[in-house]
Amino acid sequence: MQNETVAIIGPQLSVTAHLVSHIANELHVPLLSCAATDPALSSLQYRFFVRTTQSDLFQMAAIADIIEYYEWRNVIAVFVDDDHGRNGISVLGDKLEESRAKISYKAPMRPGATRNEITNLLVKVDLMDSRIFVLHTYPDWGLEVLDVAENLGMLGSGYVWIVTDWLSTVLDTYSPVSSNVIANVQGVVTLRMHTPDSKQKTNLVTGWSNLTSRKASNSPFGLSTYGLYAYDTVWLLAHAIDKFFSQGGNISFSKDSRLAQLGLGGGKLPFDALSIFNGGELLLKSISEVNMTGVTGPIKFTSDGYLNHPAYQVINVVGNGYRRIGYWSNYSGLSIVPPEILYRKPPNRSSSTQQLHDVIWPGQTTQKPRGWVFPNNGRELRIGVPNRVVYREFVSLVQGPDTFGGYCIDVFTAALNFLPYALPYKLIPFGDGHNNPKVSDLISQVSAGVYDAAVGDFAITTNRTRMVDFTQPYIESGLVVVAPVRKRNPNEWAFLRPFTPMMWCVTGIFFLVVGVVVWILEHRINDDFRGPPKRQIVTVLWFSFSTLFFSHRERTLSTLGRVVLFIWLFIVLILTSSYTASLTSILTVEQLSSPVKGIDSLISTGDPIGYQRGSFAENYLSEELSIPKSRLVPLNSADDYAKALKDGPKKGGVAAVIDEHAYMELFLSTQCEFSIVGSEFSKMGWGFVSFYSII
């Protein structure tokens, strides 16, 4: 930089790029890096930093999508403890959270870790439950980690190793790879930056192969994707400088007073010899506007400073080489179709379109590893169980501090009997035993790691699924309204109850209208409908109502008259059948009625509403149905339900109780004065809060 530099290509390490970027910013010299992938390096922080390769931001997104595709929930991250490693794993954690997965343990290695240190680290993580390992480091240390893992048996059946693109760089650069190295990476999944095939790329790779084979015939040096990006970086800078001059730019420098003062301090670094490049802003703008096609494909920068359309190949190391099992792009996710083909179609990231070819995992198996085992530290699973004081038929503390019974516990025990292995666990009561525990608090503690799982009568709601996983529902349930009902006894006017007053009026009007229509169609040709006006009116009325019993004597002669009469008689048949059925039911079946007809009528009354203390019903009613909390009355037991319903709103009780259907069925089995009114207004089920899907 003492020689009046206008642009810098490099460095190869992200750690070094952090340092050089500060200097480049101060001197207004664009820094083009084709190897620094640290996602913390960005044009937002370092204005003159230009990344001409893919950022680890996208590589970690690809790994997170692979983990989501195989439905794993916990991974262990092994990484080098520097800016490059820490920042990459931090992004991976953020991406995993988006798919409800997480890094269960971070295992950092100090730069230059010895083999003994690596061994101790891997022995430690092997004691844990997760068998999904993400390895993010540099080639030399990465190969050492995999060699140690192989010796420890951690590359056998049941393990999954996903490593970043350093491994594909090794495979491409040192081809063929030595037998010792290839033996240590069998079944490993790695990524490679995707560069579409082209004649330009083929010519470069062929020329490079010829060149290196002549210079080093014993060990030819291959060209990795980083080499392709380095080649394009040189051409990109050449295009930018050409545009720089065409826009009137010129090479000139000026002294920086701040750097000059640092140089007067007498340090080892000659800061006073450094100069600011006056055309740096224009050259940086020319670089960002480059739009060309290189050996890596189309080269164009987004507004965030990333290369457009980042994509990776997903590679599985098998035998003496490797096989490509698919692609990843931020445009369409995982696919077995090259990204450049998918770019011609609308983007589609739905789970149904995500696809990879079969993987041969460590241990030479194609069966997807489960991803976890019981930890070898001898710890039992801590399973929280709500210590209920009401509806103990579902779950209850029967005796001792940790002995539970009830329907939910029976279902859990029956499910465990199907497991092909023993499951060490301990049931831990949650709650004081005097009030119903708040289920949301128990679920939050599972999410926080206080408990490994939870068993009980847990309704599966949207808010809860954002925190934890649930098993498949083992019982259907939903919120219902229970209100007092009273018996309606039949009386002398019971024959009018099958139809409403409006129905009676409409039916009578139709009788008259049909009679008038038939008279209009028949009176000119039919003597039965002729005569004095009084006789015709009587005839119309008698004809209309006699059709109710199909006993009309007047014949119809016109075609239209017969059609009208046929349709009317069919309607009369339906009316009489319906009336007869309804009246029979009224006279023979006990009739119950309630002023509350359902959730809508209950909301409109403004009366108090009861709910089970600790249930999710409180939040649902107040947040989803916008019922004021002042109207909601918490109730602790079935006796409280009955008393509040009997007292009613006028005596300090409630108009109705809202609770889950399963609870209400149990409550109504002993309380005949109340009944479910309306229908379920929320559909859900009960499930257990799962731990790695073991339940």
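Residues in region 284-323 that are part of a strand (DSSP E or B), touching a Lys or Arg at 6+ places or on another chain (Cβ under 6 Å) and not β-branched (Val, Ile, Thr): 313, 316.
Pairing each residue of region 311-336 that is on the phi > 0 side of the Ramachandran plot with any residue that is of a type in the set (A, V, I, L, M, F, W, C), provided the two are 6+ apart or on different chains, yields C-beta distances under 7 Å for 326/314; 326/334; 326/336; 326/356. Restricting to region 337-355, give me the number of residues that are within 18 Å of residue 58 (Cα to Cα), part of a loop (DSSP other than H, G, I, E, B) and not polar (S, T, N, Q). The total comes to 4. Figure legend. Inter-residue proximity from region 619-648: first residues more than 15 Å from residue 666 (Cβ to Cβ), second residues assigned to a helix (DSSP H, G or I) and among the acidic types (Asp, Glu), beta-carbon distance below 8 Å, spacing 6+ or different chains. Indicated pairs: 629/618; 632/618; 634/618.
Pairing residues of region 434-451 that are not assigned by TED's automatic domain parsing to the domain that holds residue 104 with residues that are of a type in the set (Lys, Arg), at Cβ distances under 8 Å and at least 6 apart in sequence or on separate chains, gives 435/613; 436/388; 436/613; 437/388; 440/464; 443/464; 450/382; 451/382.
Scanning region 225-243 for residues that are among the β-branched types (Val, Ile, Thr) and either surrounded by fewer than 19 Cβ atoms within 10 Å (Cβ to Cβ) or more than 30 Å from residue 314 (Cα to Cα) (or both) yields 234, 241.
Whether a residue is modelled with pLDDT of 95 or more and among the basic types (Lys, Arg) was assessed, and residue 201 does not pass this test.
Would you check if there is a residue in region 353-370 being touching a Lys or Arg at 6+ places or on another chain (Cβ under 7 Å), surrounded by 15 or more Cβ atoms within 10 Å (Cβ to Cβ) and either more than 19 Å from residue 229 (Cα to Cα) or not assigned by TED's automatic domain parsing to the domain that holds residue 154 (or both)? So far as region 353-370 goes, yes, one or more of its residues are touching a Lys or Arg at 6+ places or on another chain (Cβ under 7 Å), surrounded by 15 or more Cβ atoms within 10 Å (Cβ to Cβ) and either more than 19 Å from residue 229 (Cα to Cα) or not assigned by TED's automatic domain parsing to the domain that holds residue 154 (or both). None of 181, 188, 123 is surrounded by fewer than 22 Cβ atoms within 10 Å (Cβ to Cβ) and under 21 Å from residue 319 (Cβ atoms) except 181. Given the options 270, 220, name the one that is surrounded by 13 or more Cβ atoms within 10 Å (Cβ to Cβ) and modelled with pLDDT under 65. Of the residues listed, the single one that is surrounded by 13 or more Cβ atoms within 10 Å (Cβ to Cβ) and modelled with pLDDT under 65 is 220. Scanning region 135-155 for any residue that is touching a helix residue (DSSP H, G or I) at 6+ places or on another chain (Cβ under 8 Å), free of Cβ contacts under 8 Å to residues at least 60 places away in the same chain, in a loop (DSSP other than H, G, I, E, B) and under 20 Å from residue 299 (Cβ atoms) turns up nothing.
Among residues of region 157-177 being over 26 Å from residue 126 (Cβ atoms) and of a type in the set (S, T, N, Q), the one that is surrounded by the fewest Cβ atoms within 10 Å (Cβ to Cβ) is 175.
If only one of 630, 622, 601 is farther than 22 Å from residue 679 by Cα, in a helix (DSSP H, G or I) and in the same structural domain as residue 675 (by TED's automatic domain parsing), which one is it?
Unique residue meeting the criteria: 630.
Residues considered: 113, 107. Of these, the only one that is part of a strand (DSSP E or B) and under 21 Å from residue 155 (Cα atoms) is 107.
Just the residues that are of a type outside the set (A, V, I, L, M) and modelled with pLDDT under 90, please, taken from region 26-45.
Result: 26, 42, 43, 45.
Counting only residues that are in a strand (DSSP E or B) and modelled with pLDDT under 95, region 52-77 holds 1 of them. Scanning region 97-120 for residues that are closer than 25 Å to residue 169 by Cα and either outside the structural domain of residue 169 (by TED's automatic domain parsing) or of a type in the set (A, V, I, L, M, F, W, C) (or both) yields 107, 109, 113, 118. The set of residues in region 643-665 that are assigned to a helix (DSSP H, G or I), over 35 Å from the mean Cα position of the chain (by Cα) and surrounded by fewer than 19 Cβ atoms within 10 Å (Cβ to Cβ) comprises 643, 646, 647, 649, 650, 651.
Determine whether region 25-33 contains at least one residue that is under 23 Å from residue 230 (Cβ atoms) and surrounded by fewer than 19 Cβ atoms within 10 Å (Cβ to Cβ). I'd like the intermediate steps shown before the answer.
If we filter region 25-33 for residues that are under 23 Å from residue 230 (Cβ atoms), which is where we start, we get 25, 27, 29-33.
Among the residues that remain, those that are also surrounded by fewer than 19 Cβ atoms within 10 Å (Cβ to Cβ) are: 25.
Yes; the residues of region 25-33 include at least one that is under 23 Å from residue 230 (Cβ atoms) and surrounded by fewer than 19 Cβ atoms within 10 Å (Cβ to Cβ).
At least 3 residues being surrounded by 15 or more Cβ atoms within 10 Å (Cβ to Cβ) and at pLDDT 90 or above is the threshold, and among the helices (runs of 4 or more DSSP H) wholly inside region 430-524 those reaching it are 439-448. Of the residues making up region 252-265, not a single one is in contact with a strand residue (DSSP E or B) (Cβ under 6 Å, 6 or more places away or on another chain) and at pLDDT 90 or above.
In summary, residue 73 fulfils each of the numbered conditions (1) surrounded by 22 or more Cβ atoms within 10 Å (Cβ to Cβ); (2) touching a Ser or Thr at 6+ places or on another chain (Cβ under 8 Å) with the single exception of condition (1).
The values are calculated or read from the model by the stated rules, or taken from the named source; none is laboratory data. Since we're looking at a predicted model, the values are computed, not measured. Glycine also receives a Cβ, built like all others from the backbone with ideal geometry; neighbour counts cover every protein chain displayed.
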